[in-house]
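The values are calculated or read from the model by the stated rules, or taken from the named source; none is laboratory data. These numbers come from a predicted model, not from an experiment. Here the Cβ positions follow ideal geometry from the backbone for every residue, glycine too, while neighbour counts run over all protein chains shown. When the accessible area is computed, the model is the full protein with side chains, heavy atoms only, and any ligands, DNA or RNA have been set aside. Shrake-Rupley method; radii C 1.70, N 1.55, O 1.52, S 1.80 Å.
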Amino acid sequence: MRTKILTLLCLLGAGILIAQAQVKKRPAAKKPAAAAAAKKPGATKSSGKFAILDFDQWIQHDLFEDANNIYFLDYKNGESNTLRAVDKKTGEVKIVVPRKTRRRAKILCAGADSSNIYMRLEDIGIVRFNGTDVNTSEVLVKQQPWGDDAYLVKSMEGSKIITSPNGRYIALIGINNSLVFDQQEKLITGYYGDAWDGILSNNGTLFYHGMENICILPKGQPTPNFRDKKNAIGHKEWKMKEIGNGGGGEVTAIWRDDVDNVLYVAMGEQIMRSPMKNMKWEEAYVLPGENKKFTRVAFSQKHVFAETDNFEKHYYEWTNKKLEGTPTITKQMEFETDIVGKEKWTGLERKEKISSVSSVYCDWNGNFWLREGDGRFFIYNPNGIVGLSALKGKITKSELPPVD
């Protein structure tokens, strides 16, 4: 009897051990399908509408381009004063003029036509860059000592160089007088006062604006040290209050529509336009009753991108150059890209946002370059970035080689 009881207890214990083993081997429950399908922020597919380019130096306010490249000039008073370029097709970043040395003249500002780069060099003048050496480039307009017959003096550093579409005329514009040079006749054909920005036509006519005015200066006989515009032949000027609604503000942008031959000017709360021939101003758009102003506007043949000083309605976008229809309006802190970056202090991943820009440039392909801070550019095209294949959908850093 005792033997039977011991046998039964052994069999019962073995059954318990087998049951426990089966429980341990039971497969783990599967995660819910929704949790398994969740993606990290970085897994979002790029729309192709955005790119970010970070430079390690402070880039000057105005970009410029030729047929193949877009150019970036490091700040004139910085240590590098380098000229860099981005290939329009590939997006490759390259150095055109390396860091400044004691021997090399400082580049104060620059510009380009479809095939040439022009520079205003300190203590030298305006040159056409030969592609290899700043100092040996052809001098087009020589800097002169101050005098009654001087056209380009040391104080005329200029803020940018603009060109006519046919490449015949170039203009150095900025504060403290500016000039227009005819490369065919080898003569200075226009000379005038302060200009914030401007446009040159194929016949040498200059359209430019100051803080509160828009002006036209046809090709004519220049006057050295000219600051009194009444002496300029054919010069015409419009004050903002003469062609606008008197809403105040400043003139912030000028653009020539070469297809329709129309001039657009952003001023205060308005954007005005006029035919290039037989000038007659009309209102293209006015900000709707918010007592706010346009701070930056850029145009292409398909879109207009604008920034205002209204935090709640900061960015305006139109899908046509005539500013027709209802624009898309975005709050300042809500313009989100689909590019994922890391926060500087926490290291957390997040989608990059465009908060506030210091300049807006539209390239010939219709891509908008929104500059934030000293050297960060958000590249944006609502229809998808054209060219710049190596930059699309990511953050690219451009750093100069270390100094030996």
Expressed per residue, the solvent accessible area of the range 254-381 in Å² (1.4 Å probe) is about 46 Å²
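Which entries of Lys236/Lys331; Lys142/Lys236; Lys106/Lys394; Lys49/Lys239 have Cα-Cα distances beyond 30 Å here? The partial results should precede the final answer.
Working: Lys236/Lys331 39 Å; Lys142/Lys236 28 Å; Lys106/Lys394 33 Å; Lys49/Lys239 38 Å.
Lys236/Lys331; Lys106/Lys394; Lys49/Lys239, as the Cα separations exceed 30 Å there.
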Student exercise, the chain dipole from Lys, Arg, Asp, Glu Cβ charges, in Debye to nearest 20:
2680 debye
Just grab the label-to-label distance for Thr346 and Asp123, each label 7 Å out from Cα along the Cβ direction, in nm (one decimal).
5.2 nm
Tell me which aspartates and glutamates have Cα within less than 20 Å of Lys219's Cα, excluding those fewer than 8 residues away on the same chain?
Asp113, Asp149, Asp182, Glu185, Asp194, Asp197, Asp228, Glu237, Asp258
Environment charge of Leu400, counting only residues whose C-beta is closer than 9 Å and scoring Lys/Arg +1, Asp/Glu -1:
-1
The helix 2-25 Cα axis meets the longest alpha-carbon principal axis of the chain at an angle in degrees, between 0 and 90 and rounded to 10, of 10 degrees
Sorting Thr90, Asn68, Gly347 by the position of each Cα along the dipole of the chain (Lys, Arg +1; Asp, Glu -1; all at Cβ), the one nearest the positive end of that ordering is Gly347
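Kindly sort Ser355, Ser164 by accessible area of their heavy atoms, largest first, with the probe set to 1.4 Å. Don't skip to the answer; put the middle values down first.
On the way: Ser355 35, Ser164 0 Å².
Highest to lowest solvent-accessible surface, that is Ser355, Ser164.
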By the gyration tensor of its Cα atoms, with a ≥ b ≥ c the square roots of the eigenvalues, what is the shape of the range 302-397: rounded for a/c under 1.5, prolate for a/b over b/c, or oblate?
oblate
At most 12 other Cβ atoms within 10 Å and a DSSP loop assignment: could you name the GluC sites (Glu not before Pro) in the range 264-295 that fit?
Glu290
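What translational diffusion coefficient, in µm²/s and rounded to a whole number, does the Stokes-Einstein relation yield for the range 282-345 at 25 °C and a viscosity of 0.890 mPa s, taking the hydrodynamic radius as the Kirkwood radius over Cα pairs? If you can, show how the numbers build up before the last one.
Numbers: Rh = 13.1 Å.
Estimated via Stokes-Einstein, D reaches 187 µm²/s.
Would you rank Thr136, Thr319, Thr252, Thr308 by solvent-accessible area, highest first, keeping every protein chain in place and using a 1.4 Å probe?
Working: Thr136 85, Thr319 115, Thr252 45, Thr308 0 Å².
These residues rank, largest area first, as Thr319, Thr136, Thr252, Thr308.
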Long-range HN-HN contacts of Ser398 with modeled amide H, under 5 Å
Asp54, Phe55, Asp56
The chain: translational diffusion in µm²/s, Stokes-Einstein, Kirkwood Rh over Cα pairs, 25 °C, 0.890 mPa s:
101 µm²/s
Considering only protein heavy atoms and a 1.4 Å probe, what is the carbon-and-sulfur percentage of the accessible area of the range 235-288?
43 percent
Calculate the dipole size of the range 95-214 relative to its Cα centre from +1 charges on Lys and Arg beta carbons and -1 charges on Asp and Glu beta carbons; express the result in debye to the nearest 20.
660 debye
With a cut-off of 8 Å between alpha carbons and a minimum separation of six or more residues, what is the relative contact order of the range 49-198 in percent?
13 percent
Rounded, prolate or oblate: which fits the range 123-204 when a ≥ b ≥ c are the square roots of the eigenvalues of the alpha-carbon gyration tensor, with rounded for a/c under 1.5 and prolate only if a/b beats b/c?
rounded
On the accessible surface of the range 358-404, probed at 1.4 Å with all protein chains in place, carbon and sulfur together account for a percent value of 49 percent
Cleavage-rule hits, trypsin sites (Lys or Arg not before Pro), the range 57-152, DSSP coil, Cβ neighbours within 10 Å at most 11:
Arg102, Arg103
Going by amide H atoms built from the backbone, whose H comes under 5 Å of the H on Thr295, apart from near neighbours?
Glu307, Thr308, Asp309
Environment charge of Glu212, counting only residues whose C-beta is closer than 10 Å and scoring Lys/Arg +1, Asp/Glu -1:
+1
Add +1 for every Lys or Arg and -1 for every Asp or Glu among the other residues with Cβ under 10 Å from the Cβ of Glu157, and state the total.
+3
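Take the Cα pairs of the range 68-111, get the Kirkwood Rh, then feed it into Stokes-Einstein at 25 °C and 0.890 mPa s and tell me D in µm²/s. Walk me through the numbers on the way to the answer.
Values: Rh = 10.9 Å.
Approximately 224 µm²/s, per Stokes-Einstein.
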Please turn the phi angles of the range 124-137 into ³J(HN,Hα) values with the Karplus equation 6.51 cos²θ - 1.76 cosθ + 1.60 (θ = phi - 60°), one per residue in order, whole Hz, x for glycine and proline.
10, x, 9, 10, 9, 5, 8, x, 10, 9, 4, 5, 9, 6
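Rounded to the nearest 500, what is the chain's calculated 222 nm mean residue ellipticity when only DSSP H runs of at least 4 contribute -39500 (n - 2.57) each, over all residues? Walk me through the numbers before you get to the answer.
On the way: 3 runs with 33 residues, N = 404.
So the helix-based figure for the chain works out to -2500 deg cm²/dmol.
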